[in-house]
1. Could you tell me whether Met175 is under 18 Å from Val110 (Cα atoms), of a type outside the set (Asp, Glu), free of Cβ contacts under 8 Å to residues at least 40 places away in the same chain and out of contact with any His (no Cβ under 6 Å at 6 or more places or on another chain)?
2. I'd like the residue in the range 111-128 that is assigned to a loop (DSSP other than H, G, I, E, B) and free of Cβ contacts under 8 Å to residues at least 60 places away in the same chain and, out of all such residues, is most open to solvent (accessible area, probe 1.4 Å).
3. Give the residues of the range 174-201 that are assigned to a loop (DSSP other than H, G, I, E, B), touching a strand residue (DSSP E or B) at 6+ places or on another chain (Cβ under 9 Å) and closer than 24 Å to Gly214 by Cβ, sorted by residue number.
4. Could you please let me know if Arg96 is among the basic types (Lys, Arg), surrounded by 20 or more Cβ atoms within 10 Å (Cβ to Cβ) and touching a residue at least 60 places away in the same chain (Cβ under 8 Å)?
5. Just to check your reading of the model, which residue among Leu168, Leu156, Leu108, Leu151 is within 20 Å of Ala243 (Cα to Cα), open to solvent by less than 60 Å² (accessible area, probe 1.4 Å) and aliphatic (A, V, I, L, M)?
6. If the requirement is being in contact with a Lys or Arg (Cβ under 7 Å, 6 or more places away or on another chain) and more than 22 Å from Ala243 (Cα to Cα), which of these qualifies: Asp86, Asp92, Asp46, Asp60?
7. Would the range 18-30 turn up any residue that is basic (Lys, Arg), surrounded by fewer than 20 Cβ atoms within 10 Å (Cβ to Cβ) and without any contact (Cβ under 8 Å) to a residue 12 or more places away in the chain?
8. For the range 144-173, how many residues meet the condition of being assigned to a helix (DSSP H, G or I) and either over 11 Å from the mean Cα position of the chain (by Cα) or farther than 21 Å from Leu98 by Cβ (or both)?
Amino acid sequence: MTDISVIIPTYNRLWSLPQAVESCRSAAAKVEIVVVDDGSIDGTWDWLQAQRDIVAIRTDNWGKDWAVETALEQARGEFVRFLDSDDWLRRDTNERQLALARETAADLVVAGYEDFDDESGESRVNAWQDCDDFVAQQLGEGWSSHYSAFLFRRTLIQGIPHRQDFALRDDRLFMLEVAMRTPRLAIDREPAFVHRRHSGERLQRTAGFTRDLGYWTHISIYRKILGLLEQRGELTLRRKRAAVRMLWPSVRTFARAYPKDAAELFEWIKRLYPEFVPPERRAVILGYRTLGFAMTERLLALRVWKR
């Protein structure tokens, strides 16, 4: 049986893909590398055909979510991990996390990661931060790392797809759904992978309408998850606080272009968490109370007040 399936979706990333693939290979663990070329036109498919130890899949540029789901249908690992083709695993990550999972019978091995800036050559380690409520952590209490640093038991994630309707924030929704299954955790204290920062396009770097859609998607995910937690009787005050803390900057930013829609979100937050006090200047809070959220945000957008 294959120990780990590493799923790598890619689109026109031949310049970085070989490093990502090489970082997954292992002499000590049985690693299946599944690369989904989502319609690249830069020679990626030809390169994949020359690699004998890769499961190569070709899709028609339907996006990362469909690419990942297609890969999962073919993957055979006891454990699964996800890696962007821009990034790479650190040395011995697969072997170390596999050993941890088996020693502890963990469903999920979590870890921090390393940031690397292509332009400056500088790197920074983001160590894992412990938290005794994994759901609250994923909602925004403290720092929750990146899911490419994690090793998932296949049975844990069965039935949790990367949902196309939430494509701009699919990783966040995926992790929240995983957290709601209360997995048994093991902690890898070493950084698991390197997240490359570069000038090229990445899904999380957007502008204009797509940026605003990303904020709306983020907010929609939280409303969905909080609603599910409430139905299950698991929406604690702690989790409400974590969610509102994470959501508030998105609501404020969304309000610049869509103050009326953001005002409805503000009212929803107040119903969800009546004790919430916006972390804003007194003048802004007073404006919310006397003029209403939408009018206050319109005035702020016109620079009548300084934010």
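The values are calculated or read from the model by the stated rules, or taken from the named source; none is laboratory data. No experiment lies behind these values; they were computed from the predicted model shown. Please note: Cβ atoms are built from the backbone with ideal geometry, for glycine as well, and neighbour counts cover all protein chains shown. Surface areas here come from the heavy atoms of the whole protein model, side chains and all, with no ligands, DNA or RNA. Shrake-Rupley method; radii C 1.70, N 1.55, O 1.52, S 1.80 Å.
1. Criteria met by Met175.
2. Glu122
3. Across the range 174-201, the qualifying residue is only His198.
4. It is true that Arg96 is among the basic types (Lys, Arg), surrounded by 20 or more Cβ atoms within 10 Å (Cβ to Cβ) and touching a residue at least 60 places away in the same chain (Cβ under 8 Å).
5. Leu168
6. Step by step, each of Asp86, Asp92, Asp46, Asp60 is checked, and only Asp86 is in contact with a Lys or Arg (Cβ under 7 Å, 6 or more places away or on another chain) and more than 22 Å from Ala243 (Cα to Cα).
7. So far as the range 18-30 goes, no, none of its residues is basic (Lys, Arg), surrounded by fewer than 20 Cβ atoms within 10 Å (Cβ to Cβ) and without any contact (Cβ under 8 Å) to a residue 12 or more places away in the chain.
8. 14
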